[in-house]
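*Asks:* The structure's right below; bear with me while I get my questions together.
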Amino acid sequence: MVRGHGGPAASRSKLPATGRGSSLVRGRVELETHQMSNMNQKSASDLRVGVLALQGDVSEHLEMMGRVGARSLPVKTPEGLEGLDGLIIPGGESTTVGKLLVRYGLDEAICRRVREGMALYGTCTGLILLAQRIHGSAQPRLGLMDMDVERNAFGRQVDSFEIDIPIPAIGGAPFRAVFIRAPFIREVGPGVEVLARLPGPGGQIVMARQGKLLASAFHPELTDDPRVHAYFLRMILGQ
Amino acid sequence: MVEENVKYEAAAAAGSAAAAGAEGATRVGLAAGVAYGSSSMDLEAAKGTWRVKKGLAEMLKGGVIMDVTTPEQAKIAEDAGAVAVMALERVPADIRAAGGVARMADPAVIEKIMNAVTIPVMAKARIGHFVEAMILEAMGVDYIDESEVLTPADESYHINKHAFKVPFVCGCRNLGEALRRIGEGAAMIRTKGEAGTGDVVEAVRHMRAVMDDIRRVQSLPVEELMTAAKEMGAPYDLVKEVHDTGKLPVVNFAAGGIATPADAALMMYLGADGVFVGSGIFKSEDPAKRAKAIVEAVAHYEDAKLLAEVSKGIGEAMRGIYVGGMKPEEKIQGRGW
């Protein structure tokens, strides 16, 4: 998509809902009041899924959520999180996104919204930021999932790869998983369900779930296959 | 480039030498003979594919890539929130001042920078100098910039970038030039601007030119596309793709003259996916503060209040050179064919 020809008005119209909107605040009130009954009745098209838009492959996730039938919007501020049923932390540079999260209080806001029931899916960078333990690093993180991850675990960019992996939870044929300077999960705690491993003797964990938190080391948004995003949607709906 | 030892220690999987296949992609058997009950499963890891090369650039979107010349500068860039660094011996302003022939940086300099940070490290090769590119690939550099900032090694031809497993970024001044580079295998594009000047006017000119060209191509009837391709000197299939999608097939950053947070935000408004800042950071009074401010300006480019906040008290910008007062032969943007 070609962004604006220039001028704030042109560009703003592309990104109207990154927070601050009073409609989002109204949405939150409604959600809190009728949260339980609402969640039971909601269908995919009622869901509002944000994509954290501080840095990374935001548009790919927005497009994919649209394809599976949810309303998706970029989010850059704590206010933008209000009223969301789910949030995706896209691929990007984890040190960059981690710093920007902390600088504007988004880390605390995201953790609070997760406690209130918002689902969260992290791809690659998102997986790193979701982990409680990042091997050999003290970088900022959300630390929500009981797992131990290793950054750049397969090497540098020349070692980035794509491969078919079985993911029984999403059903059907193996999934074409794209790993870009990717992390993997070294270990998960008892409350974390392993959803996918790399084929082969290493068998590294590359996708996991803990309640309403989902993480993958690979990038389904770079493929044409919407099954992982559809799975996240079902997860939000409690199916 | 042609054959290499595939590292896979971390994966503790296969580790045998593999020959490069089509387009430099390498396939490594991860688990020969392992069956998962599916007939169509591809049990080989494919490296250096178009999707993987282009994918890294997509992960850099909304970010700032900073020129650095020492491990200390690389750390400052990483701490400020850079998504990647460009490892150089000299920043463009100094290359310009030094004159003479500018070549690929000393591998020792690049290696030290690679060891200092965990974010991706890019490095520059001369236009057409595929051996410099082979050296950079062998070192494990994450992205190669086939750059007009260095003295061209070939006055007619660029590197065949499809032959490499490592992805390339190339400069452009308009859509035709961008599509020629993509046709040669560039997985990322940046507008050229005028490097080492701190004057954003050329970066603006080139970004507007690319965006205008895209809008024009998009609006053409299909029967006019071949002639448009001929006039732009661009591959027809890529012109057709731009026509159909309304965007470049790869990520496009702005570069060449960005010196302030406002410059960076301006380029984002004009359609850049992110920015390269070369001399603008380490030729300024307070690089650490300026670097951080530019990172925030790119992430929140549409928030003018925040831009005002981050632009406060960050020291003086690089002094800069007024591009309008330069002689044509002093400009480096014309390098590239």
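*Asks:* Restricting attention to the range B:276-293, and to residues there that are open to solvent by less than 10 Å² (accessible area, probe 1.4 Å) and within 12 Å of chain A (Cβ to nearest Cβ), which single residue is farthest from residue B:85 (Cα to Cα)?
*Replies:* B:293
*Asks:* Related question: Being open to solvent by 30 Å² or more (accessible area, probe 1.4 Å), in a helix (DSSP H, G or I) and within 14 Å of chain A (Cβ to nearest Cβ) is the requirement here; does residue B:113 meet it?
*Replies:* So residue B:113 does not fit the description; no.
*Asks:* Across the range A:71-84, what is the number of residues that are closer than 14 Å to residue A:229 by Cα and open to solvent by less than 10 Å² (accessible area, probe 1.4 Å)?
*Replies:* Here the count works out to 0.
*Asks:* With of a type in the set (A, V, I, L, M, F, W, C), open to solvent by 10 Å² or more (accessible area, probe 1.4 Å) and more than 14 Å from chain A (Cβ to nearest Cβ) as the only criterion, which of B:153, B:138 stands out?
*Replies:* When all the criteria are applied, what remains is B:153.
*Asks:* Additional query: What strands (runs of 3 or more DSSP E) completely inside the range A:93-189 contain at least 2 residues that are open to solvent by 20 Å² or more (accessible area, probe 1.4 Å)? Don't jump to the end; show me each part of the working.
*Replies:* On the way: elements: A:119-123, A:131-134, A:145-150, A:161-165, A:175-179, A:184-188.
By residue number, A:131-134, A:145-150, A:184-188.
*Asks:* Could you list, in sequence order, the residues of the range A:203-239 that are buried (at least 18 other Cβ atoms within 10 Å of the Cβ) and among the small types (Gly, Ala, Ser)?
*Replies:* Passing the criteria: A:208, A:215, A:216, A:217, A:230.
*Asks:* Which ones in the range A:81-98 are over 22 Å from residue A:180 (Cβ atoms) and under 15 Å from the mean Cα position of the chain (by Cα)?
*Replies:* A:81, A:84, A:85, A:86
*Asks:* When you check residue B:61 against the structure, is it open to solvent by less than 10 Å² (accessible area, probe 1.4 Å), of a type in the set (D, E, K, R) and under 29 Å from residue A:124 (Cα atoms), yes or no?
*Replies:* Considered against the rule, which asks whether it is open to solvent by less than 10 Å² (accessible area, probe 1.4 Å), of a type in the set (D, E, K, R) and under 29 Å from residue A:124 (Cα atoms), residue B:61 comes out as no.
*Asks:* Can you say whether residue A:186 is touching a Gly at 6+ places or on another chain (Cβ under 6 Å) and either more than 10 Å from chain B (Cβ to nearest Cβ) or at pLDDT 95 or above (or both), as far as the supplied structure shows?
*Replies:* It is false that residue A:186 is touching a Gly at 6+ places or on another chain (Cβ under 6 Å) and either more than 10 Å from chain B (Cβ to nearest Cβ) or at pLDDT 95 or above (or both).
*Asks:* Within the range B:4-20, identify whether any single residue is part of a strand (DSSP E or B) and either at pLDDT 95 or above or within 30 Å of residue B:256 (Cα to Cα) (or both), and answer yes or no.
*Replies:* If we filter the range B:4-20 for residues that are part of a strand (DSSP E or B), which is where we start, we get B:4-5, B:17-20.
From what is left, the residues that are either at pLDDT 95 or above or within 30 Å of residue B:256 (Cα to Cα) (or both) are none.
No, there is no match, as no residue in the range B:4-20 is part of a strand (DSSP E or B) and either at pLDDT 95 or above or within 30 Å of residue B:256 (Cα to Cα) (or both).
*Asks:* For the range A:124-141, how many residues meet the condition of being among the hydrophobic types (A, V, I, L, M, F, W, C) and without any contact (Cβ under 8 Å) to a residue 60 or more places away in the chain?
*Replies:* So the answer is 4.
*Asks:* Kindly indicate the residue of the range B:248-272 that is of a type outside the set (A, V, I, L, M), touching a Lys or Arg at 6+ places or on another chain (Cβ under 9 Å) and over 25 Å from residue B:216 (Cα atoms) and also surrounded by the fewest Cβ atoms within 10 Å (Cβ to Cβ) among those meeting that condition.
*Replies:* B:260
*Asks:* Right, here's the next one. For residue A:117, indicate whether it is on the phi > 0 side of the Ramachandran plot and away from chain B (no Cβ under 14 Å).
*Replies:* Judged against the criteria, residue A:117 is a match.
*Asks:* Return the total of residues in the range B:295-337 being more than 24 Å from residue B:62 (Cα to Cα) and in contact with a Phe, Trp or Tyr (Cβ under 9 Å, 6 or more places away or on another chain).
*Replies:* 1
*Asks:* Sticking with this one: Just to be sure I understand the filter: pairs with C-beta atoms under 8 Å, separated by 6 or more residues or on different chains, first member in the range A:110-121 and within 19 Å of residue A:208 (Cα to Cα) and small (Gly, Ala, Ser), second member open to solvent by 10 Å² or more (accessible area, probe 1.4 Å) and in a helix (DSSP H, G or I). Which pairs pass?
*Replies:* Qualifying pairs under 8 Å: A:117/A:35; A:117/A:39.
*Asks:* Same structure, new question: Go through (1) open to solvent by 20 Å² or more (accessible area, probe 1.4 Å); (2) modelled with pLDDT of 95 or more; (3) of a type in the set (Gly, Ala, Ser) for residue B:317 and report which single condition fails.
*Replies:* So residue B:317 meets the others, but not (2).
The values are calculated or read from the model by the stated rules, or taken from the named source; none is laboratory data. Keep in mind that this is a model prediction, so the values were computed, not measured. So basically every Cβ, Gly included, is an ideal-geometry build from the backbone, and we count neighbours across all protein chains shown. When the accessible area is computed, the model is the full protein with side chains, heavy atoms only, and any ligands, DNA or RNA have been set aside. Shrake-Rupley method; radii C 1.70, N 1.55, O 1.52, S 1.80 Å.
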